[in-house]
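To start, the structure under review is shown below, and the notes come after it.
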Amino acid sequence: MAALGKLVFWFGVAILGALAVGGIATARGEPINAWWLIAAAVCVYAIGYRVYGVWVATRVLLVDDRPTPAVRIDDGRDFVPTNRWVVFGHHFAAIAGPGPLVGPTLAAQFGYLPGTLWILIGAVLGGCIQDMVILFCSTRRDGRSLGKMARDELGPVGGGAAMIGTLMILVILISVLGLVIVNAMKHSPWATATVAATIPIAVLVGVYMRNIRPGRVLEGSAIGIVLLLLAVWGGGWVDHHPVLRTWFDHGPLPIAYAIMVYGFAAAVLPVWLLLAPRDYLSTFMKLGTVALLAVAILWLNPVLHMPALTQFVDGSGPIFAGKVFPFVFITIACGAISGFHALVSSGTTPKLLTDERDIHMIGYGSMMLESFVALMALIAACVLEPGVFFAINTAPGMVGEGVQAVATISSWGFPVALEQMQELAREMGEATLFGRTGGAPSLAVGMASIFSSAFGQGLLAVWYHFAIMFEAIFILTTLDAGTRVGRFMLQDFLGNFVPALGRTSWYPSVLLCSALIVGAWGYFLYIGVIDPAGGVNILWPLFGIANQILAAIALCVGTAILVKTGRERYFWVTGLPLVWLTVVTSTAAWQKVMSDDPRLGFFAGANDLAAKLASGVLPPEKAAVASQLIFNQRLDGWLTVLFVALLWLILADTARVCLRHVRQASAAVPAGRRA
Amino acid sequence: MKALRGFWTWLRAVSGDDAYERYLAHHMAAHADRAPLARREFFRRRQEAAWSGVKRCC
């Protein structure tokens, strides 16, 4: 009877899911509301988790009751057996960054349908599987890192490629995130003052936790959160102060330089002073705000104003160039599948697991939750009137400014009026919202309208800057933690040639390697800021390609391990997402390198600009930066070539290792039994 | 009430607020012959160790 009840329940879930997905996919013309998307998501996740996830964990990975590294080693420091819900919290907090908020917002230019389908299908069949398989492999290997596993399973070529890929992704990731917050803070005294205040607040919390009340993490964090909320309010006060506001009113370039100085300082200062306390604050802020957003969306059930598909699926999109295939799969990386997660899954988490059988819940479950966050970001973007969405997210270099921008965007069939944008900017407490590219400001407008409808009208400006603070604080956390990790990786690498540089506490090496990492991402950030087309249109696809290639590397390692451990029948579990990512990234890279369209192809863009520069048709302010932009587009083109070359190198290496293993295994079986 | 208490225990564990108490328990069980680290020193080392790897994602 219980079995029958279960069957009926899951049958119901499947039917409901099919109805919801079908409803979303076929709804044309009349707007749908957020519950459709959430119903589809919950059903797809439930089936993915209970059916496919459990099957992979128990039949393919064969998790069992053997003691985990934490139980065996239990040194009270790195390896600590920990309650599964605590590990889940740690793991989710570590994988959830700003990526799933920004990517889906940008991808909303195609309409809500492509992004929603990719977030759901990509997570259930790709991202969750990647995170779970890598967590499993690392747990079986005493918590070894992805780079080490790549070296062990594939050899030095695969290992080296994984390391170079990781370092480059870090650089691109940090620069694009930096650009996102520069665009939120430029000429916005409120946002800038609030974000600036988070730094002394973090330092104060750091001192509290170290000296005043050592190790009282919750007390320190509670004080910090209260101060952060006060900073949001205080930013508004600064904004209304005639003198103070000028201190925080800056163009994009000075803000970019300030972020570089901050990143360098965070990488070389002791962690307790800035990095660790900021991380506590951003984690609480992140989890709290995401939960609040979920409650607000469920309660309000807002209508999506964005159509299911826009005309920009043909590649003419103003936010970034390229057709829906392959670019929706590049733009939404985190939220569907993210290679970066493999680094976390092979980092701290496997050293805390008490029971292998929790790998399903922690690896698969955390990624599912992350995917849900991405879906909420997509909903928040699609709740905006499309005209407003495009006015915020399109750079002045694309559509002009003010009246001109409004006319261009309205001519696409997304009507928006200048007064409407001015009124919205006034409500949000900003001078203008035009051309705030990068996704963070439009997400903040979406969140502010959802929050203020749910929890009190009239506080739009406060909610907007709360959302900006929330995004900025954990973008800065990713930025400083990433710079520090990049510094360690560079020191590790340079230590192979000059041993002294490999000592992580030797100050000249610390300063040199931090400066090199900041210089690398600082360069891309600088170019992004001076680019009249907004920079995000170039950097985000590059980041997406890099992140998906890291995911492909992780899936290569997973596939090689499946084959080498006698699970070759099931190689497709990681093999299929691997093939898909290879197709997607190779196609995207091919188009970014070979396309004749100057908006899409890096080299075409560089040549087009060079020709315009030579013939003197560029306006003087654009001509002044043209040579830098030309150099950068060519550099980005070569970087893309390098990324894809790395991918195919690792693929070939994986194929070699797998085929060799299969051949040896079949040779080892006696001839009589083979028949 | 029970759920609230459970949440508080979880929050303390997941944030590391109870790390020193857990360390003391581990220390008493494993190396009872040596004196444990003071709270301040323990927390300092724990933070250093926590920030030497990949801890945050995109």
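The values are calculated or read from the model by the stated rules, or taken from the named source; none is laboratory data. For clarity, every value in this text was computed on a predicted model and none was experimentally measured. Here the Cβ is made from the backbone with ideal geometry for all residues, glycine too, and neighbour counts use every protein chain on show. Accessible surface areas use protein heavy atoms only, side chains included; no ligands, DNA or RNA. Shrake-Rupley method; radii C 1.70, N 1.55, O 1.52, S 1.80 Å.
Of the residues in segment A:350-364, how many are open to solvent by 10 Å² or more (accessible area, probe 1.4 Å) and either within 13 Å of chain B (Cβ to nearest Cβ) or assigned to a helix (DSSP H, G or I) (or both)?
The number of residues fulfilling the criteria is 7.
Being closer than 15 Å to A:Asp131 by Cα and either buried (at least 19 other Cβ atoms within 10 Å of the Cβ) or within 14 Å of chain B (Cβ to nearest Cβ) (or both) narrows it down to one residue among A:Val21, A:Val87, A:Val71, A:Val80; which is it?
None of the other options fit; the residue is A:Val87.
Evaluate the following for A:Arg216: is it without any contact (Cβ under 8 Å) to a residue 40 or more places away in the chain and either surrounded by fewer than 17 Cβ atoms within 10 Å (Cβ to Cβ) or touching an Asp or Glu at 6+ places or on another chain (Cβ under 9 Å) (or both)?
For A:Arg216, the condition - without any contact (Cβ under 8 Å) to a residue 40 or more places away in the chain and either surrounded by fewer than 17 Cβ atoms within 10 Å (Cβ to Cβ) or touching an Asp or Glu at 6+ places or on another chain (Cβ under 9 Å) (or both) - is met.
Would it be correct to say that B:Ala3 is over 18 Å from A:Leu218 (Cβ atoms), at pLDDT 90 or above and either surrounded by fewer than 11 Cβ atoms within 10 Å (Cβ to Cβ) or more than 8 Å from chain A (Cβ to nearest Cβ) (or both)?
The answer is yes for B:Ala3.
Residues to consider are A:Val328, A:Val313, A:Val406; find the one that is surrounded by fewer than 20 Cβ atoms within 10 Å (Cβ to Cβ), away from every other protein chain (no Cβ under 14 Å) and not in a loop (DSSP other than H, G, I, E, B).
Among A:Val328, A:Val313, A:Val406, only A:Val313 is surrounded by fewer than 20 Cβ atoms within 10 Å (Cβ to Cβ), away from every other protein chain (no Cβ under 14 Å) and not in a loop (DSSP other than H, G, I, E, B).
A:Leu649 is checked against (1) surrounded by 13 or more Cβ atoms within 10 Å (Cβ to Cβ); (2) over 30 Å from A:Arg151 (Cα atoms); (3) of a type in the set (A, V, I, L, M, F, W, C) and fails just one. What number does that condition carry?
A:Leu649 satisfies all of (1) surrounded by 13 or more Cβ atoms within 10 Å (Cβ to Cβ); (2) over 30 Å from A:Arg151 (Cα atoms); (3) of a type in the set (A, V, I, L, M, F, W, C) except (2).
Counting only residues that are surrounded by 17 or more Cβ atoms within 10 Å (Cβ to Cβ) and hydrophobic (A, V, I, L, M, F, W, C), which one in segment A:200-209 is nearest to the other protein chains (Cβ to nearest Cβ)?
Of segment A:200-209, the ones surrounded by 17 or more Cβ atoms within 10 Å (Cβ to Cβ) are A:201-202, A:205-206, A:208-209.
So of that shortlist, the ones also hydrophobic (A, V, I, L, M, F, W, C) come out as A:201-202, A:205, A:209.
Numbers: A:Ile201: 17, A:Ala202: 14, A:Val205: 13, A:Met209: 7 Å.
The qualifying residue nearest to the other protein chains (Cβ to nearest Cβ) is A:Met209.
Within 8 Å of another protein chain (Cβ to nearest Cβ) and not aliphatic (A, V, I, L, M): is that true of B:Asp33 in this structure?
So B:Asp33 fails the test.
Quick check on this structure: which one of A:Ile538, A:Ile545, A:Ile530 is within 14 Å of chain B (Cβ to nearest Cβ), touching a residue at least 40 places away in the same chain (Cβ under 8 Å) and closer than 30 Å to A:Pro252 by Cβ?
Of A:Ile538, A:Ile545, A:Ile530, the one residue that is within 14 Å of chain B (Cβ to nearest Cβ), touching a residue at least 40 places away in the same chain (Cβ under 8 Å) and closer than 30 Å to A:Pro252 by Cβ is A:Ile545.
With open to solvent by 60 Å² or more (accessible area, probe 1.4 Å) and either at pLDDT below 95 or touching a strand residue (DSSP E or B) at 6+ places or on another chain (Cβ under 9 Å) (or both) as the only criterion, which of A:Trp299, A:Trp272 stands out?
Exactly one residue qualifies, and that residue is A:Trp299.
Tell me whether segment A:125-140 contains one or more residues that are open to solvent by 10 Å² or more (accessible area, probe 1.4 Å), in contact with a Pro (Cβ under 8 Å, 6 or more places away or on another chain) and within 30 Å of A:Ile379 (Cβ to Cβ).
yes
Out of curiosity, is A:Ala454 part of a loop (DSSP other than H, G, I, E, B) and surrounded by fewer than 24 Cβ atoms within 10 Å (Cβ to Cβ)?
Against the criterion (part of a loop (DSSP other than H, G, I, E, B) and surrounded by fewer than 24 Cβ atoms within 10 Å (Cβ to Cβ)), A:Ala454 does not qualify.
Find all pairs meeting these conditions: Cβ atoms under 6 angstrom apart; at least six residues apart or on different chains; first residue within segment B:44-58 and among the polar types (S, T, N, Q); second residue crowded, with 18+ Cβ neighbours inside 10 Å.
Cβ pairs passing all conditions: B:Gln47/A:Val271; B:Gln47/A:Trp272; B:Gln47/A:Ala276.
Against the conditions (1) out of contact with any Ser or Thr (no Cβ under 9 Å at 6 or more places or on another chain); (2) within 14 Å of chain B (Cβ to nearest Cβ), where does A:Val60 fall short? Just the number, please.
The number of the failed condition is (2).
List the number of the failed condition for A:Gly601; all other conditions in (1) open to solvent by less than 60 Å² (accessible area, probe 1.4 Å); (2) under 22 Å from A:Gly127 (Cα atoms) hold.
(2)
All but one of (1) touching a helix residue (DSSP H, G or I) at 6+ places or on another chain (Cβ under 8 Å); (2) closer than 30 Å to A:Gly339 by Cβ; (3) modelled with pLDDT of 90 or more hold for A:Ala25; which doesn't?
For A:Ala25, the exception is condition (3).
Taking the conditions exactly as written (within 27 Å of the chain's Cα centre (by Cα), buried (at least 24 other Cβ atoms within 10 Å of the Cβ), farther than 26 Å from A:Leu433 by Cα and among the aliphatic types (A, V, I, L, M)), does A:Ala193 satisfy them or not?
In short, no.
Could you grab the pairs with beta carbons closer than 9 Å, sequence gap of 6+ or different chains, first residue in segment A:573-594 and within 27 Å of A:Tyr364 (Cα to Cα), second one hydroxyl-bearing (Ser, Thr, Tyr)?
Every condition considered, the pairs that remain are A:Val573/A:Thr559; A:Thr574/A:Thr559; A:Gly575/A:Thr559; A:Leu578/A:Thr559; A:Leu578/A:Thr654.
Looking at segment A:491-508, can you tell me whether even one residue there is assigned to a helix (DSSP H, G or I), out of contact with any Pro (no Cβ under 7 Å at 6 or more places or on another chain), within 13 Å of chain B (Cβ to nearest Cβ) and open to solvent by less than 10 Å² (accessible area, probe 1.4 Å)?
Within segment A:491-508, one or more residues are assigned to a helix (DSSP H, G or I), out of contact with any Pro (no Cβ under 7 Å at 6 or more places or on another chain), within 13 Å of chain B (Cβ to nearest Cβ) and open to solvent by less than 10 Å² (accessible area, probe 1.4 Å).
Among the numbered criteria (1) out of contact with any Leu (no Cβ under 6 Å at 6 or more places or on another chain); (2) among the hydroxyl-bearing types (Ser, Thr, Tyr); (3) within 14 Å of chain B (Cβ to nearest Cβ), which single criterion is violated by A:Ser175?
The single condition A:Ser175 does not satisfy is (1).
Have a look at A:Ile212, A:Ile121, A:Ile223, A:Ile169 and point out the one that is within 24 Å of A:Pro100 (Cα to Cα) and within 14 Å of another protein chain (Cβ to nearest Cβ).
Exactly one of A:Ile212, A:Ile121, A:Ile223, A:Ile169 is within 24 Å of A:Pro100 (Cα to Cα) and within 14 Å of another protein chain (Cβ to nearest Cβ), namely A:Ile169.
What residue, of A:Thr559, A:Thr587, is among the hydroxyl-bearing types (Ser, Thr, Tyr) and touching a Cys at 6+ places or on another chain (Cβ under 9 Å)?
Of A:Thr559, A:Thr587, the one residue that is among the hydroxyl-bearing types (Ser, Thr, Tyr) and touching a Cys at 6+ places or on another chain (Cβ under 9 Å) is A:Thr559.
When you check A:Leu287 against the structure, is it in a helix (DSSP H, G or I) and open to solvent by 10 Å² or more (accessible area, probe 1.4 Å), yes or no?
For A:Leu287, the condition - in a helix (DSSP H, G or I) and open to solvent by 10 Å² or more (accessible area, probe 1.4 Å) - is met.
Being crowded, with 22+ Cβ neighbours inside 10 Å and either under 24 Å from A:Val176 (Cβ atoms) or within 30 Å of the chain's Cα centre (by Cα) (or both) is true for just one of A:Leu253, A:Leu228. Which residue is that?
Result of the check over A:Leu253, A:Leu228: A:Leu228.
If only one of A:Leu460, A:Leu490, A:Leu501, A:Leu494 is over 23 Å from A:Ala395 (Cα atoms), touching an Asp or Glu at 6+ places or on another chain (Cβ under 7 Å) and not charged (D, E, K, R), which one is it?
Details: A:Leu490 fails: touching an Asp or Glu at 6+ places or on another chain (Cβ under 7 Å); A:Leu501 fails: touching an Asp or Glu at 6+ places or on another chain (Cβ under 7 Å); A:Leu494 fails: touching an Asp or Glu at 6+ places or on another chain (Cβ under 7 Å).
Only one candidate qualifies: A:Leu460.
Can you name the number of the only condition in (1) surrounded by fewer than 24 Cβ atoms within 10 Å (Cβ to Cβ); (2) at pLDDT 90 or above; (3) in a helix (DSSP H, G or I) that A:His305 fails?
The failed condition is (3).
Checking the condition open to solvent by less than 10 Å² (accessible area, probe 1.4 Å) and in a helix (DSSP H, G or I), which residue from A:Ile561, A:Ile538 passes?
Values: A:Ile538 fails: open to solvent by less than 10 Å² (accessible area, probe 1.4 Å).
Exactly one of A:Ile561, A:Ile538 is open to solvent by less than 10 Å² (accessible area, probe 1.4 Å) and in a helix (DSSP H, G or I), namely A:Ile561.
For segment A:332-345, indicate whether the set of residues that are in a loop (DSSP other than H, G, I, E, B), on the phi < 0 side of the Ramachandran plot and open to solvent by 10 Å² or more (accessible area, probe 1.4 Å) is non-empty.
no
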